[in-house]
Amino acid sequence: MKTIYFDNNATTKVAEEVLEEIRPYFSELYGNPSSMHTFGGQVGIKIREARENVAALLKCLPDEIIFTGCGTESDNTAIMGTLNAKPQRRKIITSRVEHPAVLTVCRELESHGYTVIEIGVDSSGRLDFDALENQVDDETAIVSIMWANNETGVVFPVERIAELCKNRDVVFHTDAVQAVGKLAINLKDSAIDLLSLSGHKLHAPKGIGVLYVRKGTRLTPFVLGGHQEGGRRAGTENVPGIIGLGKAAELAMRNFDEENNRVKYLRDKLEREILKSCPDCRINGDTENRLPNTSNISFEYIEGEAILLMLDKFGICASSGSACTSGSLEPSHVLRAMGVPFTAAHGSIRFSLSRYNTEEEVDFAIEKIPPIVNRLRELSPFVEK
Ligand code: PLP
């Protein structure tokens, strides 16, 4: 059975070109880039190239890129590194719908005496900007607000938030793990100070991330040890991961608009046809400001997990919440923050596409989903018969 993969916000397939590029760095070119000999030195040259490619994707300087172990480490480093660099400031502002890579850190810090403010969202998942504006003050060490939400795809006004923070002399970090490769990013013309990304969300391997640190931003290193990454992140480099991410960044820049428009066309078709053929469905999240690849749909009266199991029988992979929260039957914290009614939150499915999806796959899903929904509703105790 063919796999139809609509779970690209959880992770993505490693691009063939990336695999080809990194293979030698597991075998014949296994040197340590910190070594003095030519064998290691040639690896160092490739790392430099990868740094330049990632910088080109984000439109920033290569020196502003720090390679990390994953998106989670980048988020942790941004927050902890800023707090450690500004010990006199004890307030952190974030949103209620962040990924656990940010929220868990903030809540842990709260238990250590920091003041943590979680800004809410409206029923479409849009950030309460006025509440944020009222909170950013000279006690605030860092504002950490994601660029795009992993569950709904809703995009936040990060440039506006960055300007607000800049004017109040507060560091602004954005978790752009879901935005990079899907939205145009230009850090040269932006007031964003810190930005996280993750390789495995853009067709590079798992276990490689980046923290962008604007030149001049004060940040205390989080992982201590050797002098790698200019003394800003210790640990022998994940050479294949870094080189793979460099290649993935190059691929993401290729036909950027065309590819994202095609993905958006497929997402829109999938969504439109599902809504047309399944009654009592709703899209979760602001459809105006949304990633081109993500659709979060609630199917009333039935469990998302039941839909997933039946989709799985046809080889269709989707998700009923973020990868980290699935496995528990608690409704997603994102949908709860949006005030999505309990029954709709329980019946929510996230479809997230990539440039490797085809129209045939979307057509196949459009054919299979309505009978699955009808069948489950026939069995549902919540539907009057
Ligand atoms: N931030 C967001 C918005 C995410 O979606 C994810 C992963 O799902 C992460 C952070 C964590 O990234 P990683 O899996 O590389 O640790």
Where a Cα-Cα gap under 17 Å defines reach, which lysines qualify for Lys166, not counting those fewer than 8 residues away within the same chain?
Lys86, Lys91, Lys188, Lys215
Give a quick list of GluC sites (Glu not before Pro) in segment 1-87 that DSSP marks as loop, anything other than H, G, I, E or B, with at most 11 other Cβ atoms within 10 Å.
Glu28
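Could you give the size of the charge dipole of the chain about its Cα centre, using +1 on the Cβ of each K and R and -1 on the Cβ of each D and E, expressed in debye and rounded to the nearest 20? Mind dumping the intermediate values first?
Values: 44 positive and 54 negative charges, 94 e Å.
Using Cβ point charges on Lys, Arg, Asp and Glu, the chain gives about 460 debye.
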Check: C-alpha center segment 345-381 vs C-alpha center segment 134-196, spacing in Å is 33
What lysines sit close enough to Lys201 to cross-link, taking a C-alpha to C-alpha distance under 16 Å and skipping anything fewer than 8 places away on the same chain?
Lys13, Lys182, Lys247
Whole-Hz Karplus couplings 3J(HN,Hα) for segment 60-73, θ = phi - 60° and coefficients 6.51, -1.76, 1.60, Gly and Pro as x, run 9, 8, x, 5, 8, 9, 10, 7, 10, x, 4, x, 4, 5
Kindly report the accessible area of segment 16-254 per residue (heavy atoms of protein chains, probe 1.4 Å, no ligands, DNA or RNA), in Å².
41
Longest segment of the chain lacking chymotrypsin sites (Phe, Trp or Tyr not before Pro) that sit in a DSSP loop with at most 12 other Cβ atoms within 10 Å
27-381
Considering only protein heavy atoms and a 1.4 Å probe, what is the carbon-and-sulfur percentage of the accessible area of segment 16-254?
50
Number of Lys pairs in segment 258-379 with C-alpha atoms less than 20 angstrom apart, excluding same-chain neighbours closer than eight positions?
4
Tell me what the chain gives for mean residue ellipticity at 222 nm when only DSSP H runs of n ≥ 4 count, each as -39,500 (n - 2.57), the sum divided by the residue total, rounded to 500 deg cm²/dmol.
-12000 deg cm²/dmol
Relative intensity, log₁₀ I(q)/I(0), of segment 170-296 from a Debye sum that treats every alpha carbon as a point, q = 0.09, 0.17, 0.20 Å⁻¹:
-0.37, -1.02, -1.24
Using alpha carbons only, how many degrees (0 to 90, rounded to 10) separate the axis of helix 359-379 from the longest principal axis of the chain?
50
In degrees, nearest 10, the alpha-carbon axis of helix 38-58 is tilted away from the dominant principal axis of the alpha carbons of the chain by 50
Among Met36, Gly285, Phe129 the positive-end extreme of the charge dipole of the chain (Cβ point charges)
Met36
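Would you mind telling me the share, in percent, of accessible area of segment 258-379 contributed by carbon and sulfur at probe 1.4 angstrom?
Taking all protein chains in place, segment 258-379 shows 53 percent carbon and sulfur surface.
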Working with all protein chains in place, sort Met310, Met338 by solvent-accessible area computed with a 1.4 Å probe, largest first.
Met310, Met338
Once a ≥ b ≥ c are taken as the square roots of the eigenvalues of the Cα gyration tensor of the chain, is the result rounded (a/c under 1.5), prolate (a/b larger than b/c) or oblate (a/b not larger than b/c)?
oblate
Distance from segment 54-78 to segment 284-307 (C-alpha centre basis), Å
30
Angle check, please: helix 304-313 long axis (alpha carbons) against the longest principal axis of the chain (alpha carbons), in degrees 0 to 90, nearest 10.
90
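The values are calculated or read from the model by the stated rules, or taken from the named source; none is laboratory data. A quick note: this is a predicted structure, and the numbers were derived from the prediction, not measured. Glycine also receives a Cβ, built like all others from the backbone with ideal geometry; neighbour counts cover every protein chain displayed. Heads up: the accessible areas ignore ligands, DNA and RNA and are worked out on the full protein's heavy atoms, side chains in. Shrake-Rupley method; radii C 1.70, N 1.55, O 1.52, S 1.80 Å.
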